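A.B. asks: This is the structure, below, for whatever I ask next.
The values are calculated or read from the model by the stated rules, or taken from the named source; none is laboratory data. For clarity, every value in this text was computed on a predicted model and none was experimentally measured. Every residue, glycine as well, gets a Cβ built from its backbone with ideal geometry; the counts of neighbours run over all protein chains shown. The protein model used for the area step is the full one, side chains on, heavy atoms only, and it has no ligands, DNA or RNA in it. Shrake-Rupley method; radii C 1.70, N 1.55, O 1.52, S 1.80 Å.
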Amino acid sequence: MSARFAGRVALVAGAGDGVCRATAVAFAREGATVMIAGPDAEELAGTVKLIREAGGEVDSVVADMTRGGSADAIRMVAATVERYGALDIAFNNATVTGPNRNVADICEVVWAETLAANLTGVWMAMKHELAEMESRGRGVIVNTACNMASTGRLVGMGAYAASKAALSTLTRTAAHEYIAKGIRINAISPGPAHEPGNTEADGATAEEVAETVVWLCSDEAAFVVGHDLVLDKKTVV
């Protein structure tokens, strides 16, 4: 275990596997105390076991920003502070793609559910993370957007792309609002290949995404504010 994040508490919110798992493991390996949050208790338990077996400090809380709304966001942040006494870092990694439909064929329910998960849910998490961080005068937040927000290269994903583009803008706005209060906010935009089984070679793996998040939250990135960092060799912004 490294001492890079010694004494810092990192909340990884979204799920218990994939990028969230890789990021939680990376934070723990670098010395952070980690709280992971997501809707699936079994997935969370798997990540907790993995980190503890490696000697890391970690706990979990079941929280679903899409369905649980403000109550789950409040519980997630409160559980972190009650368990570890602080919230220094938050990584919000909600990602729901929805079915592949052209814009005119997207039903209202799918549109609403996609925006609820990818935009409203992350805003809800940020709302309560920011309140806690502001009370202490410091903090770092990273949100997961998507390269499709800037390229739109995959058709049939209008609701997803719109939600992630809005999240990118929300991230930049919040970054301007809170940097003077000691809180640094950025986003990442992975390409489509970070999920297991995807054969496109130019996207980042879950572990590579995790390392980028860890860097953005580190002191080495202290002057990186309000960016949406694209993690895809095929994207030219």
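A.B. asks: When the accessible area of the chain is split by element with a 1.4 Å probe, what percent falls to carbon and sulfur?
C.D. replies: That share works out to 55 percent.
A.B. asks: Can you list the aspartates and glutamates whose alpha carbon is less than 13 Å from that of LYS49, not counting same-chain residues fewer than 8 positions off?
C.D. replies: ASP17, GLU57, ASP59
A.B. asks: Sticking with this one: At a Förster distance of 35 Å, what's the computed FRET efficiency of ALA131 paired with ALA222, Cβ-Cβ distance as r, to 0.05?
C.D. replies: Calculated transfer efficiency: 0.95.
A.B. asks: Give the long-range amide H neighbours of GLY139: residues separated by 5 or more places, or on another chain, with amide H under 5 Å away, using H modelled in the peptide plane at 1.01 Å from N.
C.D. replies: ARG184
A.B. asks: Under 12 Å Cα to Cα from LYS233, which aspartates and glutamates show up? Leave out anything in the same chain fewer than 8 places away.
C.D. replies: GLU200, ASP202
A.B. asks: Excluding ligands, DNA and RNA, what is the solvent-accessible area per residue of segment 7-140 at a probe of 1.4 Å, expressed in Å²?
C.D. replies: Per-residue value: 44 Å².
A.B. asks: With a sphere of radius 13 Å drawn around the Cβ of SER70, what net charge do the other residues whose Cβ falls strictly inside it have (Lys, Arg +1; Asp, Glu -1)?
C.D. replies: Around SER70, the charge tally is 0.
A.B. asks: Kirkwood hydrodynamic radius (Cα pairs, Å) of the chain?
C.D. replies: In the chain this quantity evaluates to 17.6 Å.
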